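**Q** Input: one structure, supplied below.
The values are calculated or read from the model by the stated rules, or taken from the named source; none is laboratory data. Nothing here was measured: the structure is a model prediction, and the numbers come from that model. Because the Cβ atoms are built from the backbone with ideal geometry, glycine has one as well, and the counts that use them run over all protein chains shown. Please note that ligands, DNA and RNA were not included when accessible areas were found on the heavy atoms of the full protein model with its side chains. Shrake-Rupley method; radii C 1.70, N 1.55, O 1.52, S 1.80 Å.
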Amino acid sequence: MASPTQYDPIATQYTSYTTVPDMQLEISLVRTALTPCASLTVLDLGGGSGLHARTAVELGASRVDVVDISPEMLLAGQNIEQSLHRSPGNNNNSPPVIRYIHADATKPLSPQGINQKYDVVMANWLLDHATSLDDLRAMWGNIASALKPGGRFVGVRVRCLRAGYLTQGKYGVVFSDYEPIPGPGWRYKVSFQLDGVPVTFEATSMEATLGLDHAIPEGLGLGGWEVVPLGEDPVVRGDGEYWADHVREPSFVVVVGRKLSES
Ligand SMILES: C[S@@+](CC[C@H](N)C(=O)[O-])C[C@H]1O[C@@H](n2cnc3c(N)ncnc32)[C@H](O)[C@@H]1O
């Protein structure tokens, strides 16, 4: 079983991962899903070092709370904020736009100090770290309870776990060592090369989230699902031939949903 802090030793490398083609597509799709974002409050569950939180800020979000279980990922994000001169102390004592909060997204958020409701809740690659069906339900429970009525869910989700190109890493990322686990679900390794140095972590996807099954979140009052269209994305349009395999069989997609009702 992966350690909850498996990202600690790779936090610095993970933060530089933005040059990998897969990540460039992800950043672009999440940007589309987050638009419009002006003056909105955002919760980024499993937000790591704040990659997509910074996109929300660029789009005008008034506040982004990044929650993560890895202290080193949070620290990497705080260091980036400092380098951007947005951290407190650099900013006339005004509160930081991005707050980094250490918490476990499989546990109730309120006792961990996250009590407010948000206009947008992101969970990018978080659901594919649920190691059991109970974890997955708890993550969706936190997403639903943190959203304001009518609020927006944005999530990067694994779609085709065994897309053919993933074994060769055509888009910079390799999935390997698939192992069935109770749930049912799959444990597998995700790796990418950065400046020739391999970076590997473990992911877990429950069958109840693969194939974009929405039975769990719909029971919690979420709905109105949309997948950000791949064919219209500027990264894909920039080189349609290169991205054709991903469009045909996407390893990941970005899903948008809405909080329709209190469950
Ligand atoms: C693949 S990384 C993605 C980081 C970020 N969302 C992004 O897209 O750049 C997955 C993140 O989820 C975090 N994570 C995994 N399980 C978690 C949990 N139970 N609670 C909070 N964070 C978790 C990891 O520490 C890691 O930072």
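**Q** For region 40-189, what value does the Rg/Rh ratio take when both radii are computed over Cα atoms and Rh is the Kirkwood radius, given to two decimals? Walk me through the numbers on the way to the answer.
**A** On the way: Rg = 16.6 Å, Rh = 16.6 Å.
Reported Rg/Rh, Kirkwood definition of Rh: 1.01.
**Q** Same structure again: May I ask for the Kirkwood hydrodynamic radius of region 125-263, worked out over all distinct Cα pairs and given in angstroms to one decimal? Before the final figure, lay out the partial values.
**A** Working: mean 1/r = 0.0621 Å⁻¹.
Computed over Cα pairs of region 125-263, the Kirkwood hydrodynamic radius comes out at 16.1 Å.
**Q** On the accessible surface of region 41-191, probed at 1.4 Å, how many percent belong to carbon and sulfur atoms? Walk me through the intermediate numbers first.
**A** Numbers: 3160 of 5900 Å².
Its accessible area is 54 percent carbon and sulfur atoms.
**Q** With a Förster radius of 35 Å, plug the Cβ-Cβ distance of Lys117 and Phe201 into 1/(1 + (r/R0)^6) and report the FRET value to the nearest 0.05. Before the final figure, lay out the partial values.
**A** Details: r = 31 Å, r/R0 = 0.89.
For Lys117 and Phe201, the calculated efficiency is 0.65.
**Q** Now, a different point. How high is the relative contact order of region 5-87? Use alpha-carbon pairs under 8 Å, at least six apart in sequence, and give a whole percent. Kindly include the intermediate steps, with their values, before the conclusion.
**A** Numbers: 103 pairs, mean separation 28.2, N = 83.
After rounding, I find 34 percent.
**Q** Gln24 versus Asp213, label points 7 Å from Cα toward the beta carbon: distance in nm?
**A** So the two model labels end up 3.6 nm from each other.
**Q** Pairs of Cα atoms under 8 Å, at least six residues apart: use those to get the relative contact order of region 150-193, whole percent. Before the final figure, lay out each step's value.
**A** Values: 42 pairs, mean separation 12.1, N = 44.
It comes to 27 percent, rounded to a whole number.
**Q** On the accessible surface of region 204-263, probed at 1.4 Å, how many percent belong to carbon and sulfur atoms?
**A** Values: 1420 of 2890 Å².
About 49 percent, which is the carbon plus sulfur part of the accessible surface.
**Q** Output the Kirkwood hydrodynamic radius of the chain, Cα pairs only, in Å rounded to one decimal.
**A** Working: mean 1/r = 0.0538 Å⁻¹.
One decimal place: 18.6 Å for the Kirkwood radius.
**Q** What does the extension gain come out to for Ser16 and Ser83, with contour length at 0.36 nm per residue minus their alpha carbon separation?
**A** Working: separation 67, 0.36 × 67 = 24.12 nm, distance 1.46 nm.
Extending this stretch completely gives an extra 22.7 nm.
**Q** Ignoring ligands, DNA and RNA, what accessible area per residue does the chain give at 1.4 Å, in Å²?
**A** Values: 11280 Å² over 263 residues.
Value returned for the chain: 43 Å² of accessible area per residue.
**Q** Restricting things to Cα coordinates, could you compute the convex hull volume per residue of region 118-178 in Å³? Walk me through the intermediate numbers first.
**A** On the way: hull volume 5.7 nm³, N = 61.
So the per-residue hull volume is 94 Å³.
**Q** Just to be sure I follow the definition: excluding the sites themselves, where is the longest run in the chain that has none of the GluC sites (Glu not before Pro) in a DSSP loop with at most 15 other Cβ atoms within 10 Å?
**A** Values: sites that count: Glu207, Glu232, Glu262.
The segment 1-206 is the longest one with no such site.
**Q** Can you figure out the FRET efficiency of Lys107 with Gln6, using R₀ = 22 Å and their beta-carbon distance, to the nearest 0.05?
**A** Working: r = 18 Å, r/R0 = 0.80.
Computed FRET efficiency for Lys107 and Gln6: 0.80.
**Q** For Ser39 and Thr167, what does the FRET efficiency come to when R0 = 51 Å and r is the distance between their Cβ atoms, rounded to the nearest 0.05?
**A** Working: r = 44 Å, r/R0 = 0.86.
According to the calculation, E is roughly 0.70.
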